[in-house]
Amino acid sequence: MPRLQVVRDPSLDDPVATLPGVSDKTEAKLGRLGIATIRDLLLFFPRRYEDFSTITPIAFVRPGVKTTVRGRIYEIGAHQTKYKRMALTEAVLGDDSGTTLRVVWFNQPWLVKSLQKGDEIFVAGEADLNGGLVMKNPDHEKVSLRPTNVARLVPVYRETEGLTSKWLRPKIQAVLRLADQLDEFLPSELLTRRELMGRAEAVRQVHYPASAARLDRAKERLAFEEMFVLQVAAQMAKRARQVRSAPVVPFDEPTARGFVAALPFKLTNAQRVAAWQILQDLARPMPMNRLLEGDVGSGKTVVAAMAMHHAAHAGFQSVLLAPTEILARQHADVIQSILGPFQIDVGLLVGSTPAAARRPMLASLAEGQLPVLVGTHALIEEGVQFKDLALSVVDEQHRFGVGQRLAVRQKTERTPHFLSMTATPIPRTLGLTLFGDLDISILDEMPPGRRPVKTGLVPPEKRADAYTFIRKQVEAGRQVFVICPLIQESDKLGVRSATQELEKLQRDVFPELASRIALLHGRLKSAEKESVMAAFKRGDVAILVSTSVVEVGIDIPNATVMMIEGADRFGLAQLHQFRGRVGRGSEESWCLLFTDAEDPQSLKRLQAVVTNKSGFDLAEIDLNLRGWGDLAGYRQHGKDFKMANLLDVALISDAQSEAVRLLERDPTLAGELGLRLQLSAYRQVFALD
Ligand code: ADP
Ligand code: MG
């Protein structure tokens, strides 16, 4: 008696290699697309679609127009061409319209085995006039009830070397039935009320839409779910924050006036508004969570110093964290010079602070005698004990301004107010989206007297002129940044690209300056980085070759040229940030963008940097052109957004109000296990634990 064999349906968590037709080699290629499991494959959504859905009778096929034809094979055969000895497969198709169409495939000799006279097939492509209509190398497929490659809206996927959409289509189509295993994590009440498509159906439709209308509904659902999960996470973080209590730093007008009067300059309007917003927040018993955004040079430090001054005046402590030792020193100097006149002491705690100096400092922090501490991030997160910390400020390290709440300890139970400062221009709508739990102050105004940095796109034939120009600048005593892109994926830290650039400059371009050209890349130890930066700051180094992975956020007023290689490889906001590294002194400054790109799209993007001086505008242009993943650093925190458009204000506000509504009904999401699991992607971003 034959044994009954139980065939288990594959599970979504099975590796893709368990699917028929997926070899180890292919598995590796799929890995490059981020696909490891069947679930990943199912959730690998098309980038776009080819519309092969309309079938044209052969009699109506016109040359030069993309067309799908359904016809029967009247004849088929293969032969070699005389001259180049190419394999040609030729077929003649006919249909009810009474005409025939010649179809030719090059170098696919195996087609004669899979296609036979009498078969009915779809072909999709463009026909030429060549002694009658001929369609060359069309996509083709045998007629069936479920066509994959033609005769429908055909999905086009992101491809990688050796892995085409054509290969992916049948593989994905074969697992679509497993979509039913996907968890429907949207609350059912919401699903019905908003009439959203179910998750499994949406996933099936997004790959193989039954119609354009169904596709729209599927995308709508998938975009909503992404935005909704984000908003639920943000609202939960907000609720958690609102129940914590913070030190109250009362607003005191004479104190504020006294601070402003002692400054050597007048605050800009933007600085005044931002400072006002921050001081209002400090006066509330709930922890502030605010992002202070402003271009490089917009004057964020003094705004932070004003808040620290207020806190100190009320008897509280403040801390400022910087990403590197050099920046920490720079901040400590600046803040000391601003707060010194008020008899407010500023301590500096960095890796090289000797133990003998460290011990008394830690003691006076714990005793509450030292009102302001500046230090490197790593050091302070290790846990410095404060007596009564009211304000922590983080400069430029956590680009999101959220998450990783400082692990500072203090003797009271109160949560300090939190201010993060960034020069990454985050478009307002995006700020609203991503930071549902964050308030934002924007310095959109520069202190007076700044000269704009002259920006130019340098075509390859002008490279020599640019070097001559740079040489003259160095001879005049100025300094130069050279930024190199990451060229190979394997060169993650940019060691190779920057090293090659250094060698080229030292050997071929500026041999006479070789000893004054230095290198900065991600493989250097932090002490080495610090020493290179210090040499640049002293002026010993004239040309600093650096990769983008290294923060060069340091004030070098004498640097007048920012030269960027492979500029097309960077996000516009990032280019703008590099540009902000020059133009800090009294001399005229230049930003030179080098590119080998010739496509109009890249040149148009770069042209936007030439003409546009606003980081916000550039970030928004980039977001529209290339999607959000290219904005500096975003991807490293959040998850990837596949469907939701982060500039879609209506989507954001719908998702936000649904999130608020759900949490009012079910604050701990006790009834929403599936949704809780989805939130895990945001745990770190929003510090939900
Ligand atoms: P960033 O926003 O890049 O951190 P900084 O705080 O370092 O900018 O300020 C850049 C420079 O501008 C500093 O030298 C600072 O003293 C100066 N500055 C700040 N605000 C003003 C102002 N309102 N008027 C003139 N100079 C200012
Ligand atoms: Mg700064």
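Things worth noting here:
- Per principal axis, descending, Cα span of the chain in whole Å: 96, 70, 51
- Overall form of region 1-125: prolate. Here a/c, set by the Cα gyration tensor axes a ≥ b ≥ c, is 1.5 or more, and a/b is the larger of a/b and b/c.
- A Förster distance of 45 Å, applied to the separation of the beta-carbon atoms of L362 and E445, puts the FRET efficiency at 0.70.
- Of all beta bridges that DSSP places with both ends in region 82-181, some 85 percent have antiparallel geometry.
- Gain on full extension, evaluated as 0.36 nm per residue between Q369 and A534 minus their Cα-Cα distance, stands at 56.2 nm.
- Zone of T412's modelled label, taken as backbone nitrogen in region 322-345 under 20 Å from a point 7 Å along Cα→Cβ: 344-345
- GluC sites (Glu not before Pro) restricted to DSSP loop in region 562-611 with at most 15 other C-beta within 10 Å: E588, E598
- Across region 589-606, the residues whose backbone nitrogen lies under 19 Å from the label position 7 Å along the beta-carbon direction of Q500 are 594-598.
- Working note: 222 nm ellipticity from helices only, DSSP H runs with n ≥ 4, each -39,500 (n - 2.57), summed and divided by the residues of the chain, gives -11000 deg cm²/dmol to the nearest 500.
- Length gained on full extension, S144 to S614: 163.7 nm, using 0.36 nm per residue less the C-alpha separation.
- DSSP bridge analysis restricted to the chain gives an antiparallel fraction near 35%, rounded to the nearest 5.
- Where labels lie 7 Å past Cα in the beta-carbon direction, separation of S653 and K166 in nm: 4.8 nm
- Angle in degrees between helix 495-504 and the longest Cα principal axis of the chain, rounded to the nearest 10: 80 degrees
- On the basis of the beta-carbon distance and an R0 of 35 Å, D14 and R676 show a calculated FRET efficiency of 0.90.
- Length gained when the stretch R683-A210 is fully extended (0.36 nm per residue, less Cα-Cα span): 166.6 nm
- Look at where the Cα atoms of region 98-152 and of region 259-299 average out, and the two centres are 67 Å apart.
- With a cut-off of 14 Å on the backbone N, the residues of region 108-122 near the modelled label site 7 Å out from Q80 along Cα-Cβ are 109.
- Placing +1 on each Lys and Arg Cβ and -1 on each Asp and Glu Cβ, with no other charges, gives the chain a dipole about its Cα centre of roughly 700 debye.
- Length-normalised contact order for the chain - Cα pairs under 8 Å, 6+ apart - percent: 12 percent
- As a rough guide to protection, the peptides 460-471, 271-282, 137-148, 331-342 ranked by mean Cβ packing within 10 Å, highest first, stand as 271-282, 331-342, 137-148, 460-471.
Any read-out appearing in this document is the output of simple, stated calculations on the displayed coordinates, not a laboratory observation. Because the structure is predicted, anything quoted here is derived from the model rather than measured. Cβ coordinates were reconstructed from backbone atoms using ideal geometry, including for glycine residues, and neighbour counts include every protein chain displayed.
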